[in-house]
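Readers should treat all values here as calculations from the given coordinates under stated rules, not as data from a laboratory. Since the model is a prediction, treat every value here as computed from it, not as a measurement. Quick reminder, even Gly has a Cβ in these numbers, built from the backbone with ideal geometry, and neighbours come from all protein chains shown.
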Amino acid sequence: MSEETVDKKSMPLLDHLVELRTRLIYSLAGFVAMFLVSFVFAQDIYDFFVRPLARALEGQDGARLIFTALYEPFLAQIKVAFYTALFFAFPIISIQVWMFVAPGLYQNEKRAFLPFLFATPILFFIGGALVYFFIMPLAWDFFLTFQTLGVDGALPIQVEPKVDQYLTLVLRLIFAFGLAFELPVFLMLLARAGLVTSSGLAAKRKYAIVGVFVIAAIITPPDVVSQIGLAIPIIILYELSIVGARLIEKKRTQQHDDDYEDAGPAPDNPAA
């Protein structure tokens, strides 16, 4: 037995269920702990989300956020704490998933899977940061251009965002971009499993580009800035996924050649 051997012997079904329950309990405990901490700082986190809008409204008289239901700010803080806890508890949850799955993997499978485990939260964070520091300021400036002063007897049109609606929009953008940035992880895993090939991905490039713009139009606000801001990075990530798939195929071919050389030539067939 070499590195292809799994770490542990096969366990009975009951032991697997007990192990699964333990990992679920640890995951839930980690999420609850993060939720409680996030709820304590929920107002500060919400203020952080509001900062791009505050910058866009800077200098405008009467700029404010409103709420029309008495419980709306409280529910907004609950939502902030929930999604913040979900983000920060992801490493804990992924570690528990890894600890449950790892004993059944070969050593080479572990080495292949670990990079994707680390890349997932990093790519999600990059997508969320792109939204916060680039897309949101541009989108808010675009939407604010539709305000009017109400001259010649017309009523002015002035933005007064609702607390919950603004938070929903921000979280929708952050999670849309964050999940979209997981595309390389998803495609590379499919390539490693042999379900997709680099040539197949390249051949479907034009369909992928059209699909990206359609998805961007659905999950982003109805403005060109957000849609292009999501579509272009995804297209770039798609191209990088093709390159990654080629590297995986090249490595797989090299490994196959090495195994063939290690096996040595086939023995000669003795003459009858």
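Would you please give the FRET efficiency between Glu109 and Ala202, computed as 1/(1 + (r/R0)^6) with r the Cβ-Cβ distance and R0 = 25 Å, to the nearest 0.05? Here the calculated transfer efficiency is 0.40.
List the longest stretch of the chain that has no exposed loop site; here a site is one of the trypsin sites (Lys or Arg not before Pro) assigned by DSSP to anything other than H, G, I, E or B, with at most 14 other Cβ within 10 Å.
Formally, the longest exposed-site-free interval is 65-203.
Toward the positive end of the charge dipole of the range 1-141, with +1 on the Cβ of Lys and Arg and -1 on the Cβ of Asp and Glu, the farthest Cα among Ser27, Ala56, Val40 is that of Ser27.
Length gained on full extension, Thr22 to Ala119: 32.4 nm, using 0.36 nm per residue less the C-alpha separation. When the GluC sites (Glu not before Pro) in the range 7-109 are filtered for DSSP coil states and for at most 14 other beta-carbon atoms within 10 Å of their beta-carbon, the remaining sites are Glu58.
Can you give the FRET efficiency to the nearest 0.05 for Ala217 and Phe142, using r as the Cβ-Cβ distance and R₀ = 22 Å? Intermediate values should be presented prior to the final figure.
Details: r = 15 Å, r/R0 = 0.70.
E(calc), rounded to 0.05, equals 0.90.
The relative contact order of the range 1-141 comes to 46 percent, based on Cα pairs under 8 Å that sit 6 or more residues apart. The shape of the range 1-141 can be summarised by an equivalent ellipsoid whose semi-axes, obtained from the alpha carbon gyration tensor, come to 43, 20, 8 Å from longest to shortest.
The modelled label-to-label distance between Lys251 and Val151, using points 7 Å beyond Cα along the C-beta direction, is 6.3 nm. Net length available on complete extension from Phe133 to Arg55 is 26.9 nm, with 0.36 nm assigned per residue and the Cα-Cα distance removed.
When the chain is treated as a GNM with alpha-carbon contacts under 10 Å, the residue of Leu17, Leu173, Leu240 showing the greatest mean-square fluctuation is Leu17. Fraction of C-alpha pairs exceeding 34 angstrom in the chain: 41 percent, rounded to a whole number.
Modelled spin labels at Val101 and Arg172, positioned 7 Å past Cα toward Cβ, are 3.1 nm from each other.
Only Cα pairs within less than 10 Å get springs; with that Gaussian network setup on the chain, which residue of Gln158, Gln43, Gln147 has the largest fluctuation? Comparing Gln158, Gln43, Gln147 in a Gaussian network model of the chain, the most mobile one is Gln147.
Between Tyr26, Tyr132, Tyr71, the GNM of the chain built on Cα springs shorter than 10 angstrom shows Tyr71 fluctuating the most.
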